[in-house]
Amino acid sequence: MTQEQRTPSESAKRRTSVLFATAHEHGLLARCLTVLADAGVNLTKLESRPRPGRAWEYLFYADFEGDAAAPPIAAALATVRERCTEFRLLGSYDVASVEKPAQPLAQSAPSDASSPLPSPPPHPGAKNWPKAARAAKPAGTQLRIGGTVIGGGDFVIIAGPCSVESREQVLATAEAVRARGAVMLRGGAFKPRTNPYAFQGLGWDGVDLLAEAGRATGLPTVSEVMSLDQVERMSRAVDVLQIGARNMQNFDLLKAVGRTTRPVMLKRGLSATLDELLAAAEYILSEGNPHVILCERGIRTFETATRNTLDLSAVPVLRERTHLPIFVDPSHGVGVRRWIRPLARAAKAVGADGIIVEVHPNPAEAKSDADQALTFADFAEIVSDLAEIPRFGA
Ligand code: PEP
Ligand code: MN
């Protein structure tokens, strides 16, 4: 149907999103808005963002009722375009396709350091994950864990052993990674292993050792919770609950961590789409826990050269679709020590909020994931590399 063929009430069911920038000149924004108002355009959203690197210049993101192709709107947009230093028509779409049932916009954090651009029209799949959708919190979610803010624009490094193996091992690793720039300590105590005869982790003893190393170094801790009966005790012992890739669609487990107040690091399933990852996050959010971090850790593809295929395109796609912070795990993503460094750099360059990597005092002796364990020296090199890489969107 062309715009001319739409009745007025059908036009009211359409919405348009535009992005524009004006020169720093008194009254220019007001004049643009007046052009739209004179054409009978009803604005439903107007947001401004400072333009990185351009003092006193702002990008404006606006939503309004109606279709960009409707004659009076098209003419008004043409005039606005002439008055702007930059103008992008993001598109026109049916209101019904973006209406979200629940969460009001009012929960927005004060700034959006993690998003280089305002949000585009919400993804149609957002009906499955209204609380996770970017539209529910356009400014993005920021989590404060100990002294660290995740999703606040700074690139955050979490490091530690794949498995906690002993007091000496976890303490030495915690001290080494803290001294080299990690802000959180990881360590598995309940390990999801493909081989049932492989090392399964130290269980609660491992959790206690991880917590002890966290206290000794001042690093908040993250550890995987594998089953429902572990949730309560684990949430008392560590600062962040990890849901592993294999449990991404363990819905009862997701609901159980959703009933805690602990931040949850939700890893993408081996064969999960991004839509399914967001639906899994929604299970946690819908139980009342808003503290969710998504983690891209590689997916199963036909490629066997790497342990998994690290899908770095997930980062910008998720950034558009959700307000939740996004981490990358290059260790499980590639599974090979020497390839972690380039992928860690790429994770920052593509705009992730941080990485989580595996480090061991003596990788050859690691009881799990030895091939991907970084030495302390490898880790130091990665941290110093990352300091030189600009984070996309920062
Ligand atoms: C881990 O982080 O130790 C782990 C097992 O990760 P994943 O669930 O991504 O395989
Ligand atoms: Mn591992």
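Assorted remarks:
- Estimated distance in nm for a label pair at residue 208 and residue 303, the labels positioned 7 Å out from Cα along Cα-to-Cβ: 4.4
- Under a 5 Å amide H cut-off, with hydrogens placed 1.01 Å from N, residue 188 pairs with 163, 164 among residues at least 5 apart or on other chains.
- Neighbour counting of Cβ atoms within 10 Å sorts the residues 291, 24, 323, fewest neighbours leading, into 24, 291, 323.
- Exceedance of the 32 Å cut-off in Cα-Cα distance is limited, within the set 13/131; 13/255; 131/348; 127/348, to 13/255.
- Whole-Hz ³J(HN,Hα) from phi, Karplus 6.51 cos²θ - 1.76 cosθ + 1.60, for the range 171-185, glycine and proline x: 5, 4, 5, 4, 5, 5, 6, 5, 4, 9, x, 6, 10, 8, 10
- Proximal charge balance of residue 236 [Cβ under 12 Å; K/R count +1, D/E count -1]: -1
- Inter-label distance for residue 320 and residue 273, nm, one decimal - labels placed 7 Å from Cα along Cα-to-Cβ: 1.5
- Ranking of 391, 345, 321 by count of other Cβ atoms within 10 Å, fewest first: 345, 391, 321
- If the Kirkwood radius is taken over C-alpha pairs of the chain, then at 20 °C and 1.002 mPa s the Stokes-Einstein diffusion coefficient equals 96 µm²/s.
- Distance (nanometres) between label positions extended 7 Å along Cα→Cβ at residue 197 and residue 384: 4.4
- Considering only 42, 18, 153, and ranking their Cα positions along the charge dipole of the chain that arises from unit charges at the beta-carbon of Lys, Arg, Asp and Glu, the one farthest toward the positive end is 42.
- Applying 1/(1 + (r/R0)^6) with R0 = 45 Å to the Cβ-Cβ distance of residue 232 and residue 13 gives a FRET efficiency near 0.40.
- Cut-off 13 Å between beta-carbons: net charge of the residues surrounding residue 288, Lys and Arg +1, Asp and Glu -1: +2
- Bridge type composition, the chain - antiparallel percent by DSSP, nearest 5: 55
Just so you know, all these numbers are worked out from the coordinates, no wet-lab data involved. Everything quoted here is computed from the prediction, not taken from an experiment. Virtual Cβ from ideal backbone geometry, glycine too; neighbours counted across all protein chains shown.
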